Every structure is written in structure tokens, then in C-alpha cells.
Amino acid sequence: MSGTGPRAQDSTCPRTPSPAGSAGPVRTCVGCRERDLRSVLLRLVLAQVATGAGEPRVVVDERKAMPGRGAWVHPTLACLDLAVRRRAVPRALRAAAPLDLTAVRDYLERADR
Ligand SMILES: [Zn+2]
């Protein structure tokens with residue numbers, strides 16, 4: 001029996017992407033000032049209002065891809081309230097207070113359930 005033994009063919013293993021497990025980018029919550037992963041925080045941006053009337057609105061940037069300044073906050077009403085009390089959102093967005101945060105509050109209340 002002259003068989004060709006199963007050659008140990010070392011397969012070129014596909015390159016594994018750098019381990020994303022370690023940490024990832026970190027941002028500071030404008031409410032509690034704790035640093036946390038960008039992926040768990042909510043990004044708030046100023047909505048571009050064409051009307052020009054009323055207070056500027058802040059909306060949740062769900063895909064975290066909107067241009068411009070963003071404010072990062074934990075997706076909890078507690079942190080949002082803290083941020084409001086400290087006026088941290090307008091400061092982070094370089095906007096004049098007060099800002100209309102109704103959309104953000106609605107978002108959190110809906111997500112909370
Ligand atoms: Zn927080």
C-alpha cells in the first residue's frame with residue numbers, strides 16, 4: 001500500500017480582524033459625567049429647523065452619523081434630567097439654552113418600556 005498520506009496542509013487561515021472585544025471608543029455622558037462606550041450611549045444633535053421659530057430642537061441621532069456636534073448621554077431619563085439640570089446639553093452642542101428636548105424624552109420613554 002503506497003498511499004499518499006493525508007498531507008498536513010496548513011490552511012492559510014483567514015485573517016481575523018483585530019479583536020473588537022477589548023473596549024472601543026469611549027465618550028462622556030453629559031448627565032452623570034461617567035465615561036462609557038460610544039455604543040451604549042445616545043447621541044443627541046441639534047435638529048436643523050427651517051422654520052426659525054421657537055426653540056431649537058434636539059433629536060436623537062440613532063445612527064450616530066449626523067454631521068455636526070453631538071452630545072452623548074446614557075439612554076436613561078435620569079441622565080437626561082441630570083444633563084438638563086446642569087445645562088450640559090446646550091453647552092455640549094454650543095447652542096443657546098433653552099433647547100427643546102421633548103423628542104429625546106419621548107424617545108427614552110418609548111425605549112423604556
Ligand atoms: Zn449618564
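The values are calculated or read from the model by the stated rules, or taken from the named source; none is laboratory data. Quick caveat, the model's predicted, so the values are computed rather than measured. With ideal geometry, Cβ positions are generated from the backbone for all residues, glycine too; neighbour counts draw on all protein chains shown.
Report yes if P98 is out of contact with any helix residue (DSSP H, G or I) (no Cβ under 9 Å at 6 or more places or on another chain), surrounded by 11 or more Cβ atoms within 10 Å (Cβ to Cβ) and modelled with pLDDT of 80 or more, otherwise no. No. Close contacts from region 71-88, counting a first residue that is farther than 13 Å from Y107 by Cβ and a second that is basic (K, R) and in a loop (DSSP other than H, G, I, E, B), with Cβ to Cβ under 8 Å and a gap of 6+ residues or different chains, come to W72/R38. Taking region 46-104 as the range and being outside any loop (DSSP other than H, G, I, E, B) and of a type in the set (S, T, N, Q) as the test, only T102 passes.
A single entry from P67, P56 fulfils the requirement of being touching a residue at least 24 places away in the same chain (Cβ under 8 Å) and more than 15 Å from the ligand (Cβ to nearest atom): P56.
Of all residues in region 70-86, those satisfying the criterion of being of a type in the set (A, V, I, L, M), within 10 Å of the ligand (Cβ to nearest atom) and over 15 Å from L46 (Cβ atoms) are A78, L80, L82.
Is it the case that region 49-59 has a residue that's under 25 Å from Y107 (Cα atoms), at pLDDT 85 or above and within 15 Å of the chain's Cα centre (by Cα)? Yes, the conditions are met somewhere in region 49-59. Applying the criterion of being under 12 Å from the mean Cα position of the chain (by Cα) and part of a loop (DSSP other than H, G, I, E, B) to the residues of region 31-45, the residue that is nearest to the ligand (Cβ to nearest atom) is L41.
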